[in-house]
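Here is the structure we will look at.
The values are calculated or read from the model by the stated rules, or taken from the named source; none is laboratory data. Small disclaimer: the values here were computed from a predicted structure and weren't measured. Here the Cβ positions follow ideal geometry from the backbone for every residue, glycine too, while neighbour counts run over all protein chains shown.
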Amino acid sequence: MASPLKPPSNWTTPRLTLSPPLPADAGEMFERYARDPRVTRYLGWRTHRDAGETRAFVESTSAGWQTSTVFTWIIRSRESGEFLGGLAVRPETGHPYRVQLGYAVAHDHWRKGIMSEALGAVIEWLRARPEVSRVWAFCDVDNAASAGLLEHLGMTREGVLRRWNVHPNISDGPRDCACYAIAK
């Protein structure tokens, strides 16, 4: 079921631009974070071994936009155009008023406010949509940096989802995840 949510494809914040990934972005995405085990440690997919895996991911993102099932953006510096990371908005199938967030930032840009600025703009837009009543995200219980980001963005920790998600770069089994949300 497609979501009625139609976010802008392009965003500009004081320091950043966000746009849907294009095939030409796959090489940078691979080099900047998809192959970096520090970045992918707590993500739900294995660290990419080659740029072909990243190209396949980038190609799949256009289908998400077409079906309104997942909206993915890459994040670049407004000033230099440097590739900094990516984020995704996933309206829940069957429950489009609940929207989940996902994100990753290149290691050399951790703790510089990149994701706070990017997600902050997206969350503000989502909260203004009458069809959205809940914006949420989860992170591995050991991912203190992500937990801190979500709290900084005003999300409330609602609890721990036991054995919620596989983070294959840590374990082949589901791991406990902290759940954070902003609800109207």
>> Filter region 66-77 down to the residues that are more than 18 Å from Arg134 (Cβ to Cβ) and modelled with pLDDT under 95 and list them by number.
In response: Gln66, Thr67
>> Being loosely packed, with under 13 Cβ neighbours inside 10 Å, modelled with pLDDT under 95 and either outside any helix (DSSP H, G or I) or hydroxyl-bearing (Ser, Thr, Tyr) (or both): is that true of Ser80 here?
In response: no
>> So Leu126 ticks every box in (1) touching a Ser or Thr at 6+ places or on another chain (Cβ under 7 Å); (2) within 24 Å of Ser146 (Cα to Cα) but one. Which box is left unticked?
In response: (1)
>> Taking the conditions exactly as written (of a type outside the set (S, T, N, Q) and touching a Pro at 6+ places or on another chain (Cβ under 8 Å)), does Trp164 satisfy them or not?
In response: yes
> Out of region 71-104, which residues are touching a residue at least 60 places away in the same chain (Cβ under 8 Å), more than 18 Å from Thr12 (Cβ to Cβ) and out of contact with any Ser or Thr (no Cβ under 6 Å at 6 or more places or on another chain)?
Replying inline: Thr93, Gly94, Val99, Ala104
